[in-house]
Amino acid sequence: MQDLQAKGAAAKALQQAHPELGAKLGVVEALLISWEPLTDPAKSLLLLLSVMAPAVIPWELVEACRLPELELEEGSAFGDQQAELLRTQLLERSGPGLYQLHPLVRQFLRLQSQEQLELVVRWRKQLAAAVAGVCRERIPQTLTLKQVQALEVFLPHIQVVAEQLAEELDEDNLPWPTTGLARVAEHQAAFAEALKWHQLCLERSEHRLGPNHSATASALNNLGSLLQTTNRLAEAEPLMRRALAIDEASYGNDHPKVATDLNNLAGHLYATNRLTEAEPLYRRALAMDEASYGNDHPKVAIRLNNLAGLLQATNRLAEAEPLMARVVEIFEISYSDDHPNVATALNNLGSLLQDTNRLAEAEPLMRRALAIDEASYGNDHPKVAIRLNNLAGLLQATNRLAEAEPLMARGFTVFRQSLGLDHPNTQSVGGNYIALLQAMGLPEPEIQAKLQALQPPT
């Protein structure tokens, strides 16, 4: 009570000067009482926590922000300070390894930050670097559902850095927060969200690093690939060609980054039905990556997969099959059995076996691919829709039309919801579904009724 009374005037002055604090006098007084006796290291830790997102804070991210001069004790730079803050209840534990600040504490700390701007700036830089490290190490280009779930607690803090702390990122770390958020959004088929982050990454790379920097080339490639996915093909091609030109000028003609650029441009040419232009680029990218990584590297498998797909499309099935079988072997060695890259390889090999009329061999591969992608992406992702359509097509080829119908209907629904009715994938699967219903002998009114039932509610 004596402490509260002694802090009354100070609390009243603080509240009058900062009405945004939004707390009653007794609360402000209690905050002052808790704050002032803290050791300087505990106060410093609180300022770091106040820089983070107003969300649950994973303590491993806090530890990753350690300043160089802080020593580790039993693996922690902040163990004593954490205990001090928990004892004063300025910090709350919300789960194993998870903590949070009360909104009033966070607002109070913003006011304290104004008196220690130099320290706050240091913490902002440390947080930006730590978040970039999380993105670089934990957000690969191809994500699984398990990886995304593990990232959820980090995402608000990544977003804070991407939106508010970009100026604190050095040259090497600049692209990572926006790229990480874009990859997560793409995994969730949130393509508009992914587009926003990819565009912001390109804008910042061009502004901070220059139009001919390798990070700018990567941003161009990433944005171009997303535009291709969402069927904005005319917009995608100049970005991919510009990325290739930048990297060839920066690294020469035989660098792995150039191989990636060639592969992406070849994929675009394939998507726009320019197969004869695409093939030499695919072959060049494959040769470069085999020279760079050896014959059994996952990057080589990606190049093999793409070339095999082109060979299949041009009816060179005997050439394509050993390449696809090699892709499956490399991916199964390189990744876990339930990785999305394994699903892609299994699906593609199954499709080739179907084209060679080996339907009994193809079916278990396609079913396994579908199960992997459902576990990796959830049931409503475009990749799952591709697997559904392919399996339904095989069932149709073996005259199991009743089994095929619900799978194709589901694939059509997923594509329509995620990519829109005008996307080629949606149109293609919609056409396949109508053809299937006709093959089942359904009259036109019943076909239209089934299509209508798949429409979203208005």
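The values are calculated or read from the model by the stated rules, or taken from the named source; none is laboratory data. In this text, all values refer to a predicted model and were calculated from it rather than measured experimentally. Note: ideal-geometry Cβ built from the backbone for every residue, glycine included; neighbour counts use all protein chains shown.
Of all residues in region 252-277 being farther than 19 Å from Gly294 by Cβ, of a type outside the set (Gly, Ala, Ser) and buried (at least 16 other Cβ atoms within 10 Å of the Cβ), which is nearest to the chain's Cα centre (by Cα)?
For region 252-277, the residue satisfying everything is Asn264.
Take region 420-437 and flag every residue that is in contact with a Phe, Trp or Tyr (Cβ under 6 Å, 6 or more places away or on another chain) and of a type in the set (A, V, I, L, M). Before the answer, list the steps.
From region 420-437, those in contact with a Phe, Trp or Tyr (Cβ under 6 Å, 6 or more places away or on another chain) are 425-426, 429-430, 433; that's our starting set.
Residue satisfying the conditions is Val429 alone.
Taking region 100-123, which residues are crowded, with 19+ Cβ neighbours inside 10 Å and closer than 13 Å to Ala53 by Cβ?
Leu101, the sole residue that qualifies.
Can you run down the residue pairs with Cβ atoms below 6 Å, 6 or more apart or on separate chains, where the first is in region 300-328 and farther than 16 Å from Tyr270 by Cβ and the partner is β-branched (Val, Ile, Thr) and in a loop (DSSP other than H, G, I, E, B)?
Leu317/Thr356
Somewhere in region 194-204, is a residue assigned to a helix (DSSP H, G or I), free of Cβ contacts under 8 Å to residues at least 40 places away in the same chain, of a type in the set (Phe, Trp, Tyr) and farther than 26 Å from Leu49 by Cβ?
For region 194-204, residues assigned to a helix (DSSP H, G or I), free of Cβ contacts under 8 Å to residues at least 40 places away in the same chain, of a type in the set (Phe, Trp, Tyr) and farther than 26 Å from Leu49 by Cβ: absent.
In region 66-96, which residues are within 34 Å of the chain's Cα centre (by Cα), exposed (fewer than 14 other Cβ atoms within 10 Å of the Cβ) and in contact (Cβ under 8 Å) with a residue 24 or more places away in the chain?
Scanning region 66-96 gives Leu67, Ser94, Gly95.
Which residues, counting only those in region 231-249, are more than 18 Å from Leu269 (Cβ to Cβ) and either at pLDDT below 95 or exposed (fewer than 14 other Cβ atoms within 10 Å of the Cβ) (or both)?
Going through region 231-249, the residues more than 18 Å from Leu269 (Cβ to Cβ) turn out to be 246, 249.
Matches in region 231-249: Ala249 only.
Pick from region 198-221 the residues that are within 19 Å of Pro238 (Cα to Cα) and hydrophobic (A, V, I, L, M, F, W, C): which of them is surrounded by the fewest Cβ atoms within 10 Å (Cβ to Cβ)?
Ranking the candidates gives Leu200 first.
On the basis of being over 21 Å from Ile302 (Cα atoms) and not in a helix (DSSP H, G or I), does Asn389 make the cut?
No.
Only one of (1) out of contact with any Phe, Trp or Tyr (no Cβ under 8 Å at 6 or more places or on another chain); (2) modelled with pLDDT under 95 fails for Ala55. Which number is that?
(2)
Count, please, the residues in region 401-425 that happen to be part of a loop (DSSP other than H, G, I, E, B) and either surrounded by 13 or more Cβ atoms within 10 Å (Cβ to Cβ) or hydrophobic (A, V, I, L, M, F, W, C) (or both).
Of all residues in region 401-425, those part of a loop (DSSP other than H, G, I, E, B) come to 420-423.
Within this subset, residues satisfying the condition of being either surrounded by 13 or more Cβ atoms within 10 Å (Cβ to Cβ) or hydrophobic (A, V, I, L, M, F, W, C) (or both) are 420-421, 423.
Qualifying residue count, region 401-425: 3.
Residue by residue through region 426-458, note down the ones that are polar (S, T, N, Q) and not in a helix (DSSP H, G or I).
Gln455, Thr458
Please state which of the following conditions Met288 fails to meet, knowing it meets all the rest: (1) surrounded by fewer than 20 Cβ atoms within 10 Å (Cβ to Cβ); (2) over 25 Å from the mean Cα position of the chain (by Cα).
(1)
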